[in-house]
Amino acid sequence: MTRHHPMTLVLGGTGKTGSRLVSRLTARDLPVRIGSRAGGLPFDWERPATWGPALDGVHAVYVSYYPDLAVPGAVEAVGSFAELAVARGVRRLVLLSGRGEDEALACERALVVAAESGAAGSGTAESGAGAGAGADWTVLRCSWFSQNFSEGYLLGPVLAGEVALPAGPVGEPFLDADDIADVTATVLTEDGHAGRVYELTGPRLLTFAEATATIAEATGRPVRYARIGPEEFAAGLAAEQVPADVVAFLGYLFGTVLDGRNASVTDDVRRVLGRPARDFADFARATAASGAWIGE
């Protein structure tokens, strides 16, 4: 007899954490639906009409908001989506959140309220199996991703040999996206994590200068760090034709999230997985060996 497994919707299923989560769930032969604008069943945060079809038959959702929970409109979108998800019968919501962001905290509250109150009072909720019964929720409050240096906007500067950012000598507990995916797969598929807020960090603090030096050591070639001012940083992004709203968002992150409020580590990765978080040096060595930092 074939055992039936419930469907999991992974929003941002082609991104840094979502793609890794999809791989882990499919490796367990668990049914997964990828929520992305380019997916076979498209999902777009800016088009609520796409939300309902993506939720059909779904038991659990990994909620990753694009581009970030700190942008205007995120609170309303996350809250409305969570209301609809619960109304459609979703019974487990896992939110990817950020440390030290007031806007992220507001998004967390919106999701929790929707999960705990069900669809009651929602003018947009649609009927579904178990509508209004509420859902379990878990929040994953994450540090700066190590993979921003290898898969994100810092890859180009690393390849060019200089990382120039408006970040001073404040430590950040860089977090490996593979650890996030492992934690997420666990809380989505195992009991005991409902109503928990996990602050996920790497095992130690590094400044951006120290992280850059670690990459240089791993690659065996010069990669230097240069601290620049916010204005110079914004001007450089604008010169590369980065959209103004993205420039403003990155300026906000470097001006607030990296002001020292997150200069601490937790043991929450170990609490969930039973093993320590991956060290940035291990990430750097593995990434260098993969060839990701070999320029053309």
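The values are calculated or read from the model by the stated rules, or taken from the named source; none is laboratory data. Small disclaimer: the values here were computed from a predicted structure and weren't measured. Cβ: placed from backbone, ideal geometry, glycine included. Neighbour counts: every protein chain shown. All accessible areas refer to the heavy atoms of the entire protein, side chains included, with ligands and DNA or RNA removed. Shrake-Rupley method; radii C 1.70, N 1.55, O 1.52, S 1.80 Å.
So for segment 30-38 (the condition being over 30 Å from VAL242 (Cα atoms) and either under 17 Å from the mean Cα position of the chain (by Cα) or acidic (Asp, Glu) (or both)), does at least one residue qualify? Walk me through it before giving the result.
Start the filter on segment 30-38 by keeping residues that are over 30 Å from VAL242 (Cα atoms), which leaves 30-33.
Filter once more, keeping what is either under 17 Å from the mean Cα position of the chain (by Cα) or acidic (Asp, Glu) (or both): none.
No, every residue in segment 30-38 fails to be over 30 Å from VAL242 (Cα atoms) and either under 17 Å from the mean Cα position of the chain (by Cα) or acidic (Asp, Glu) (or both).
Considering (1) modelled with pLDDT of 95 or more; (2) surrounded by fewer than 23 Cβ atoms within 10 Å (Cβ to Cβ); (3) among the acidic types (Asp, Glu), the lone condition that GLU83 does not fulfil carries the number (2). Within segment 134-178, no residue satisfies the criterion of being basic (Lys, Arg) and surrounded by fewer than 22 Cβ atoms within 10 Å (Cβ to Cβ). For segment 136-164, taking the residues that are under 21 Å from the mean Cα position of the chain (by Cα) and among the aliphatic types (A, V, I, L, M), the one that is nearest to PHE254 (Cα to Cα) is identified as LEU154. Of all residues in segment 6-24, those being over 11 Å from the mean Cα position of the chain (by Cα) and in a strand (DSSP E or B) number 4. If we scan segment 52-66, do we find a residue that is at pLDDT below 95 and not in a helix (DSSP H, G or I)? Yes, some residue in segment 52-66 is at pLDDT below 95 and not in a helix (DSSP H, G or I). For segment 240-250, does any single residue satisfy the condition of being among the polar types (S, T, N, Q) and over 23 Å from ASP282 (Cβ atoms)? Yes; the residues of segment 240-250 include at least one that is among the polar types (S, T, N, Q) and over 23 Å from ASP282 (Cβ atoms). Might you check whether a residue that is among the acidic types (Asp, Glu) and over 17 Å from VAL94 (Cα atoms) occurs anywhere in segment 60-71? Looking for residues that are among the acidic types (Asp, Glu) and over 17 Å from VAL94 (Cα atoms), one finds none in segment 60-71, hence no.
Do we have ILE215 as touching a Cys at 6+ places or on another chain (Cβ under 8 Å) and either open to solvent by 10 Å² or more (accessible area, probe 1.4 Å) or not in a strand (DSSP E or B) (or both) here?
Working: touching a Cys at 6+ places or on another chain (Cβ under 8 Å): no; either open to solvent by 10 Å² or more (accessible area, probe 1.4 Å) or not in a strand (DSSP E or B) (or both): yes.
Here the answer is no, as ILE215 does not meet what is asked.
Residues of segment 247-266 that are closer than 13 Å to ASP102 by Cβ and touching a Pro at 6+ places or on another chain (Cβ under 6 Å): none at all.
Among the residues making up segment 34-51, a single one is closer than 24 Å to GLN147 by Cα, outside any loop (DSSP other than H, G, I, E, B) and either open to solvent by 30 Å² or more (accessible area, probe 1.4 Å) or among the charged types (D, E, K, R) (or both): ILE34.
Is it true that some residue in segment 219-226 is polar (S, T, N, Q) and assigned to a helix (DSSP H, G or I)? It would help to see each step written out before you state the result.
Step one: list which residues in segment 219-226 are polar (S, T, N, Q), which gives 219.
When the remaining residues are screened for being assigned to a helix (DSSP H, G or I), the result is 219.
Looking through segment 219-226, at least one residue is polar (S, T, N, Q) and assigned to a helix (DSSP H, G or I).
Condition check ((1) touching a residue at least 40 places away in the same chain (Cβ under 8 Å); (2) open to solvent by less than 40 Å² (accessible area, probe 1.4 Å); (3) out of contact with any Ser or Thr (no Cβ under 9 Å at 6 or more places or on another chain); (4) not β-branched (Val, Ile, Thr)) across all residues:
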residue	(1), (2), (3), (4)
ALA209	yes, no, yes, yes
TYR225	yes, no, no, yes
GLY236	yes, yes, yes, yes
VAL247	no, yes, yes, no
ARG261	yes, no, yes, yes
ARG270	no, no, yes, yes
LEU273	yes, no, no, yes
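From the list GLU101, GLU126, the one residue that fits, being of a type in the set (D, E, K, R), over 18 Å from the mean Cα position of the chain (by Cα) and at pLDDT below 95, is GLU126.
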